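For reference, the structure is listed below as structure tokens.
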Amino acid sequence: MNMTFFRESEGAVTLTLKVVPRSSKSQIVGIEGDALKIRLNAPPVEGKANRALVEFLAEHLGVPRSNIEILTGHSGRHKLIRVRGVGAEKIQMMATEK
């Protein structure tokens, strides 16, 4: 499996994501190109999808929501996310969940 969607540095992991809002359920789909594809049940209005994404990642990675920061892509499907307090192994495990 291609794991180029993340990089680890200075106690944090930076993820490249493709987020698909308004899906029937929130789930990890897999790798698409150089991004981890995640479907969210939330609509892309008034920041609901971004909040749902942070909550989804926090739950799956076992970190507080405050450890997750959306760096770029606040209003788009392609996002760059920084997660503090996790290592590459945890990201790889999350990416292979289905």
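No lab work stands behind these numbers, since they all come straight from the coordinates. Everything numeric in this text was worked out from a predicted model, so none of it was measured. Note that we place each Cβ from the backbone using ideal geometry, even for glycine, and neighbour counts take in every protein chain shown.
For ASN41, project a label point 7 Å along Cα to C-beta. Then give me every residue of segment 60-96 with its amide nitrogen under 16 Å of that point.
Answer for this model: 60.
Compute the acute angle (0 to 90°) between the alpha-carbon long axis of helix 48-61 and the principal axis of greatest extent of the alpha-carbon atoms of the chain; round to the nearest 10°.
30 degrees
Starting from the Cα-Cα distance between GLN27 and ARG77, subtract it from 0.36 nm times their residue separation and give me the gain in nm to one decimal.
Working: separation 50, 0.36 × 50 = 18.00 nm, distance 1.50 nm.
Once the chain is fully extended between GLN27 and ARG77, it gains 16.5 nm.
Charges at C-beta only: +1 for Lys and Arg, -1 for Asp and Glu. How large is the resulting dipole of the chain about its Cα centre, in Debye rounded to 20?
Values: 15 positive and 10 negative charges, 72 e Å.
So the dipole magnitude of the chain works out to roughly 340 debye.
Calculate how large, on average over all directions, the projected area of the Cα convex hull of the chain is; give the answer in nm² to one decimal.
Averaged projected area of the chain's Cα convex hull equals 5.5 nm².
Sum up the lysine pairs in segment 6-95 that clear both bars: alpha-carbon distance under 14 Å and a spacing of 8 or more or different chains.
Numbers: LYS18/LYS37; LYS18/LYS79; LYS25/LYS37; LYS37/LYS79.
Count of close lysine pairs: 4.
Can you find, among LEU80, ALA58, ILE38, the residue sitting farthest towards the positive end of the charge dipole of segment 6-95, where Lys and Arg contribute +1 and Asp and Glu -1 at Cβ?
The Cα lying farthest towards the positive end belongs to ILE38.
If packing is taken as the mean number of other Cβ atoms within 10 Å per residue, what is the order of 70-78, 9-17, highest first?
For the peptides 70-78, 9-17, the packing ranking is 9-17, 70-78.
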